[in-house]
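Remarks on the structure that follows.
Laboratory data are not the source of any read-out in this text; all were calculated from the coordinates shown. Predicted model only: the values in this text are computed from it and were never measured. Cβ placement follows ideal geometry from the backbone for every residue including glycine, while neighbour counts extend to all protein chains displayed.
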Amino acid sequence: MGEHEARSLITTLAAEPQPPSTIDVERAVRDGHRRRRRRLLMECGAVVAAVALVAGGVGLLGRSGGRSAPAPVAAPAPTRFDPLVRYADFGWLPPGMSERSVSVSSDGIVLEARTPKGKPYEWFESQVGVALSPAGRNVDDESLVPISQGSDENCPHDEQAGAASAIQGRPAQWVFRSDVAGTHCRWTATELRWQYAPGAWAAARIARAPGVTDIPATLVHIAETLQVDRKEPVRMPFQARYVPAGLRLAESLSDQGVPGSKKWRVELYFEPSGRKPSSGVGSQDDDSGPGVSIDVLPMSASDPNDETGPPNTTVDGHPAVRMRTKNGSGTDEVLRVLDVRGFEVSIMTSRLRKGEPERILRGLTLLGPDRTAWTTRPLG
C-alpha cells in the first residue's frame, strides 16, 4: 500500500461514523486497570496474559514512494527503562483528558489518558494510549486501549501495515485491521506506530474519545508532541524497607486524577532478579513465578465495593481484608489494610512464604498526603 493510497483510505475512514461501543463500562469500573492485582490473584480467578506484536520493521516502511525529511538530531533511547524514571509524557491531548496513568517497566512504558467521571474510586478504561519500547525491542501494543469500539466476528482478524508520513522526520506507519464492526470488513486505520528515537518504536491508539472526530489526525498530533528523553523521577508516598530476598523492582504504576484532586494511586511491582524481559513476537508474561505488589491510595479514593470484598480481619488495629491460597510452590496472598494514616494499602504476594504481606507492611514507612514529602527513593 503506497502513501497516496493510505492517505486516501484514511481520509475516507475518518469521515465515517464510529460504531457503537460494545465495552462493558460498568465492569471496567471495578478497580480500573489494576493489572498487577489481577496477575497476583490468578488463583482467585484473575489471570493476565499480554502478547507482544512486532512493530513491522523497516521492510514495511519501505513501501512509501516519497522521501522523508531528514530526521532531527535525537537523543538515543535507552535499551532498558528505569522503573523509577519517567522517560516520556504526553505533550498534547484532546481537551478534557485530565486523568493520566503512567506505567514504567524495564522493557516498556505505557501512557494512558481519559476524561474524569463518576465517583472518586472509579477509574474507567483509557481513551488514549501510547506504548514505547526501548531501543532494539519490539513495541508491545497489547496493553493499549481497545483496538476498536466493537468487532465483527464475521470479519477476518487480520492486520497489515501501510506507510504514513514521517513523524519528526523519522519513519512511521499505520496499522490497518479488518475486524472492526460497521465497516463491512474493510481495512480500518486503528493504530499509528513511529520511531520516537533511532531504533526505538512507539504505538498509539484512541477509543471512545469524546469530541475526537478525526482519529488519524489526532494520533499524528499526539505522536508529534510526545515528550521523550525526560529525566523526571517517580515519586512515591512510602518507603519499603523490606522486600523478600531474590526480588527486584520491575515496574512502577501511577494513576493521577484531575490536578490537585485527592484521586490518585501508585504501585510498585517486584519480580525475580535476573528474569529476562518478554522476547516480543508470540511471547507471554510468565505468571507462575514469585512476585510482590505494593499498592497505595488515599482513603478518599478507596472503593467500598472492592473486588477483594469487605474487611474480614484487623491488622495492628486497622480493618483489613486477607485472602490466601496455597499452591504447589508457595502461597498467594492479598492483604488490604484500610485507613493507615489516611491511606489504603494493598500488598499482594505470589508463590512466597505465608505471612509475607504482613512483613512487607510493617516495613513500610508512609510519608503522608503532602506530595512535597514523597520520596524518589522508595526502596531501602
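Summary table
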{"read-out": "Segment residue 184-residue 313, length gained on full extension (0.36 nm per residue, minus Cα span)", "value": "41.0 nm"}
{"read-out": "Potential extension, residue 82-residue 325 segment - 0.36 nm per residue separation minus Cα distance", "value": "84.3 nm"}
{"read-out": "Spatially proximal lysines relative to residue 326 (Cα-Cα < 17 Å; intrachain offsets below 8 disregarded)", "value": "354"}
{"read-out": "Gain in span if fully extended, residue 142 to residue 221, counting 0.36 nm per residue against the direct Cα distance", "value": "26.3 nm"}
{"read-out": "From the C-alpha gyration tensor of the range 103-249, square roots of 5λ in Å", "value": "29, 21, 16"}
{"read-out": "Residue (of 195, 216, 254) at the positive-pole extreme of the range 164-273, dipole from beta-carbon charges", "value": "254"}
